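Participant: Take a look at this one; I'll ask things after.
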């Protein structure tokens, strides 16, 4: 563990680092290194690598214990060490540090200054804790629920209420716009009461499509597969997929439309389905990019938020198409 108080900011590589490491000068022999490790390894955990430094205490190489023990005693460490180093800056965000571990498959990574001075090391088990915490935080944001300290089992009723109520109230007021949209088209609904039957089906389809799209985008962003610069490419891809999905779903709902209201109602619900699925998918795809652009966590673009926005858009799209086609 660290021998003095760790003053690095929370959720950074510097805060996670430990002092469980062994350093050796690059001019030492293998025989000296083996004796040194034997006399200094007590009390240290997870010693997988030896860190090699020069005369200025700068990190110049790394050597695994296996490589050390399999080398001839007379060899100099500088001759057998690996000089291709993967290291972390102390101010690096812990989520980005976890990504380095994922990409490198190392069990320990050193934390160094700009001058390449070794400050500490991070072991993979600490990164696993970070990944679990980050995933939990993302799930809470996607619910959306405020981040909760401690376990759900031991949380008080008031804590659970407080963590959930804010977003629920916000979403209630957002859904007022859906009601206002329905009220605006009262005449259309009164003249064609069959339209009401399809309202939940159509609106939910847009929200479902948007939630699917957002989930895929948020996950891809979290693992670094997609960046903000990929928006245009993903927009084109998403609109193509959405057209195919909407068209397939339109055929299914049109058959029900003919049975419930005749050919005109079938045409209305079919066209609405295509447009709503496209709009919902594009909303779900775009919101994570927008949040990322605003320096907000993309996970905040949660399913309930997207569903509420898609609901408002769906109501307006549905009854606008109905009014045009039915000429009301």
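The values are calculated or read from the model by the stated rules, or taken from the named source; none is laboratory data. Quick caveat: nothing in here was measured; it's all calculated off a predicted structure. Here the Cβ is made from the backbone with ideal geometry for all residues, glycine too, and neighbour counts use every protein chain on show.
Participant: Determine, yes or no, whether residue 296 is outside any helix (DSSP H, G or I) and either closer than 30 Å to residue 104 by Cβ or in the same structural domain as residue 97 (by TED's automatic domain parsing) (or both).
Facilitator: So residue 296 passes the test.
Participant: Here's another thing I want to ask about it. Check off (1) surrounded by fewer than 17 Cβ atoms within 10 Å (Cβ to Cβ); (2) under 27 Å from residue 97 (Cα atoms) for residue 244 and give me the number that stays unchecked.
Facilitator: It fails just one condition, (2).
Participant: I would also like to ask the following. Could you tell me whether any residue of region 185-204 is modelled with pLDDT of 80 or more and under 26 Å from the mean Cα position of the chain (by Cα)?
Facilitator: yes
Participant: To continue, here is another question. Please go through (1) over 26 Å from the mean Cα position of the chain (by Cα); (2) surrounded by fewer than 23 Cβ atoms within 10 Å (Cβ to Cβ) for residue 286 and return the number of the only condition it doesn't satisfy.
Facilitator: Checking residue 286 against (1) over 26 Å from the mean Cα position of the chain (by Cα); (2) surrounded by fewer than 23 Cβ atoms within 10 Å (Cβ to Cβ), the one that fails is (1).
Participant: Just for region 299-328: of the residues that are crowded, with 22+ Cβ neighbours inside 10 Å and not in a helix (DSSP H, G or I), which one is modelled with the highest pLDDT?
Facilitator: Step by step, filter region 299-328, then rank; the result is 302.
Participant: Applying the selection to region 56-81, what residues are within 11 Å of residue 28 (Cα to Cα) and in a loop (DSSP other than H, G, I, E, B)?
Facilitator: Within region 56-81, 73, 74, 75 meet the criteria.
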